[in-house]
Amino acid sequence: MWVGKHVILRWTIVAIVFLGGILYGYYVIIKDRPKVLLLPVLGEKSADGSAHRIAEFSLIDQEGKTINSDNFKDKIYVADFFFTNCEGICPIMSDQMVRVANSYMANPKVLLLSHTVKPEEDSVAVLKNYADKRNADPKKWFFVTGEKEVINDLARNSYLVASMDDTAGIDFVHTQFFALIDPEKRIRGLYDGTDSTEVTKLIDDIEVLLQEK
């Protein structure tokens, strides 16, 4: 009887060692595989074949501090364009951005960036009041102002949320789209910020990016 148990134990050990070898071999094979992008990279490639990326910028936030591209280095962030006295799509967009902020409040890798498209009206004090009403953490959600031409150019040519003919006689960009930006400053998704279903997808896609390494 003892011999039988000894044989069973020996073969169990052999099986465990064999299975461990298979698992280790699989790890060796897959660990050096190139990263698979689970979300598309949007925007036309540059002449050198590199991906479209958000241009460098420097703006002023609701705390009166200079905010530039370095603040978003190695971060995932969501960008949108609004103005504080908008009575149409902007309140809906802001409510949806609150959802995004609340979903990733505890994750320092995820930030939000809201640009006013009416800097002549939306002073730092106005932005501060607007942000406070939404309980926006100034280290998480930045409401920024700057030169109108710079902000319009960012919307159209960097974030690709508006086309050159979208103004229909007005001198500012008015768009409902949110842009999801990855740590390499690439656009990984555009979402209708007035549609809760699309914003739910945005929240889910942020999770995908967090797992993408």
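The values are calculated or read from the model by the stated rules, or taken from the named source; none is laboratory data. It should be emphasised that the depicted structure is a prediction, and the values quoted were computed from it without experimental measurement. Cβ sites come from the backbone with ideal geometry, for glycine too, and all protein chains shown count toward neighbours. Ligands, DNA and RNA are stripped out before the accessible areas are found, and what is left, the full protein with its side chains, is counted by its heavy atoms. Shrake-Rupley method; radii C 1.70, N 1.55, O 1.52, S 1.80 Å.
Considering Val150, Val126, the condition of being open to solvent by 50 Å² or more (accessible area, probe 1.4 Å), within 21 Å of Asp70 (Cα to Cα) and in contact (Cβ under 8 Å) with a residue 12 or more places away in the chain is satisfied by Val150 alone.
Total residues in segment 153-162 satisfying the condition of being under 15 Å from the mean Cα position of the chain (by Cα) and either open to solvent by 40 Å² or more (accessible area, probe 1.4 Å) or acidic (Asp, Glu) (or both): the figure is 1. For segment 72-103, a tally of residues being over 17 Å from Ile151 (Cα atoms), of a type in the set (A, V, I, L, M) and open to solvent by less than 10 Å² (accessible area, probe 1.4 Å) returns 5. Looking for something assigned to a helix (DSSP H, G or I) and under 22 Å from Ile187 (Cα atoms) - is there at least one such residue anywhere in segment 82-90? So far as segment 82-90 goes, yes, one or more of its residues are assigned to a helix (DSSP H, G or I) and under 22 Å from Ile187 (Cα atoms).
Being within 18 Å of the chain's Cα centre (by Cα) and hydrophobic (A, V, I, L, M, F, W, C) is a property that holds for Val98.
Hey, can you tell me all the residues within segment 107-153 that are in contact with a strand residue (DSSP E or B) (Cβ under 7 Å, 6 or more places away or on another chain) and part of a helix (DSSP H, G or I)? Passing the criteria: Val124, Leu127, Tyr130, Ala131, Ile151. Taken across segment 104-114, residues that are in contact with a helix residue (DSSP H, G or I) (Cβ under 8 Å, 6 or more places away or on another chain), on the phi > 0 side of the Ramachandran plot, open to solvent by 40 Å² or more (accessible area, probe 1.4 Å) and not aromatic (Phe, Trp, Tyr) do not occur at all.
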